[in-house]
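A.B. asks: First the structure, which I've put down as structure tokens, then a few questions once you've had a look.
The values are calculated or read from the model by the stated rules, or taken from the named source; none is laboratory data. As the structure is a computational prediction, the values presented were derived from the model and not from experiment. Because the Cβ atoms are built from the backbone with ideal geometry, glycine has one as well, and the counts that use them run over all protein chains shown.
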Amino acid sequence: MSYKKAINFKVNQYPNIQFEAGSEDRNSLKGCYLVVKGCLESLDENHKTNIFRFKKGMNGVVSRFLNNNLFSTNYIQTESISDSFQMTGFSFSTFEFTFFPKTKLSVSEITKSLNLLVDDIYNEQIKENKALKFHKNLKTKKDEYRP
């Protein structure tokens, strides 16, 4: 039985959101993942609409990216958003995408490509989002009142 070790790709980092990327199989690299995670805070009372628009916008960025890329246009997306977000407008959330290369790619090719996607997601959906504020780590109300 052979043991297959995971690999992480070094993707660009930003101050208010976390990006992680890798593959569960460093030998074949047949599937790789990109995780976008952080604390999302709705800036108005339209919490459900704000998160819906964010998810739709991020999926649009991913779809446009995959149309002219080294990856198949078929991908898997999973998300973890607290049910309480619709009431509180606040949640630590995770969005994970799994992509499948069209051909065998090197680690550097995958890393370069995923960094283009990370930049697009950040610049188009996070950087100047008028409906949501992003925090890299879990933030509590208690944190807001510290001197």
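A.B. asks: Could you check how many residues of region 94-126 are at pLDDT below 95 and within 18 Å of Cys39 (Cβ to Cβ)?
C.D. replies: Total meeting the criteria: 0.
A.B. asks: Based on what the data block shows, is Lys112 free of Cβ contacts under 8 Å to residues at least 60 places away in the same chain, surrounded by 13 or more Cβ atoms within 10 Å (Cβ to Cβ), basic (Lys, Arg) and closer than 17 Å to Ala131 by Cα?
C.D. replies: It is false that Lys112 is free of Cβ contacts under 8 Å to residues at least 60 places away in the same chain, surrounded by 13 or more Cβ atoms within 10 Å (Cβ to Cβ), basic (Lys, Arg) and closer than 17 Å to Ala131 by Cα.
A.B. asks: Among Glu20, Glu41, Glu24, which is the only one that is out of contact with any strand residue (DSSP E or B) (no Cβ under 6 Å at 6 or more places or on another chain) and either touching a residue at least 24 places away in the same chain (Cβ under 8 Å) or at negative phi (or both)?
C.D. replies: Of the residues listed, the single one that is out of contact with any strand residue (DSSP E or B) (no Cβ under 6 Å at 6 or more places or on another chain) and either touching a residue at least 24 places away in the same chain (Cβ under 8 Å) or at negative phi (or both) is Glu24.
A.B. asks: Going by the structure shown, is Glu41 under 17 Å from the mean Cα position of the chain (by Cα) and either in a loop (DSSP other than H, G, I, E, B) or closer than 14 Å to Val118 by Cα (or both)?
C.D. replies: no
A.B. asks: Can you tell me how many residues in region 61-78 are surrounded by 14 or more Cβ atoms within 10 Å (Cβ to Cβ), under 18 Å from the mean Cα position of the chain (by Cα) and either within 13 Å of Lys30 (Cβ to Cβ) or not polar (S, T, N, Q) (or both)?
C.D. replies: The number of residues fulfilling the criteria is 6.
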